[in-house]
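A short worksheet on the structure shown next.
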Amino acid sequence: MKTESVVLQGKHVRLEPLELRHLDGLVAAAGDDDSLYQWSPVPRGRAEAIAYINTAHAWRDAGTAMTLAIIRIADNVVIGSTRFWNIERWAWPQTHSSDGRNAPDACEIGYTWLTRSAVRTAANTEAKLLMLTYAFETWQVLRVCFHTDARNARSRAALERIGGQFEGILRAHRMAADFIPRDSVRYSIVASEWPGVKQRLLQLIDRA
């Protein structure tokens, strides 16, 4: 089932489906600062960015991901990318009230990166608010999870700051950005926790 296309609009950023028209902006946003993306796979140059967009479209068509360009509203500039992925649709029995749901039951948010000028601004917090609101209030998912490289202290702190609950460490879980088998720290937010997390995110944005 092909993933739908949505545009999520906030005060600081707009999230829209990643397309080839974003190519130049994506390349410019990634820049050449290797230290900023030590733990994140980020496309470098036009060839990698084209492959990145093509992969996003393949995953969209397979129904497993929705990849979004992050646009700064103030100047309409691409400042990064993020995605819903590992989109799960559970096999509910026919007698269950959830049978026949067209929306996902659970998903992961990841592959998030921002250009240097957007780091430590409201951009990431508002992007998370927009995506979590869509996941919990439109899709009505039961769980959103996040995985980050165990070595990525900044990402771990950011997930804890917004209310992600630590679940554990998955050893040799995925290939890291530096091409080693990385240990991933897993966080999640479940539907019952969403109202509190939403309030926390709104407060963080107000203080930004």
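The values are calculated or read from the model by the stated rules, or taken from the named source; none is laboratory data. Since we're looking at a predicted model, the values are computed, not measured. Positions of Cβ are generated from backbone atoms using ideal geometry, with glycine treated the same way; all protein chains shown enter the neighbour counts. Surface accessibility is based on the protein's heavy atoms, side chains included, excluding ligands, DNA and RNA. Shrake-Rupley method; radii C 1.70, N 1.55, O 1.52, S 1.80 Å.
With respect to Gly25, determine if the residue is among the small types (Gly, Ala, Ser) and in contact with a Lys or Arg (Cβ under 8 Å, 6 or more places away or on another chain). Here the answer is no, as Gly25 does not meet what is asked. Residues in region 67-84 that are open to solvent by less than 10 Å² (accessible area, probe 1.4 Å) and of a type outside the set (Val, Ile, Thr): Leu68, Ala69, Gly80, Ser81, Arg83, Phe84. Scanning region 1-53 for residues that are of a type in the set (Ser, Thr, Tyr), crowded, with 18+ Cβ neighbours inside 10 Å and assigned to a loop (DSSP other than H, G, I, E, B) yields Thr3, Ser40.
Scanning region 63-81 for residues that are in contact (Cβ under 8 Å) with a residue 12 or more places away in the chain and either on the phi > 0 side of the Ramachandran plot or assigned to a helix (DSSP H, G or I) (or both) yields Gly63, Gly80. Here is the figure for region 184-203: residues that are surrounded by fewer than 16 Cβ atoms within 10 Å (Cβ to Cβ) and outside any helix (DSSP H, G or I) total 1.
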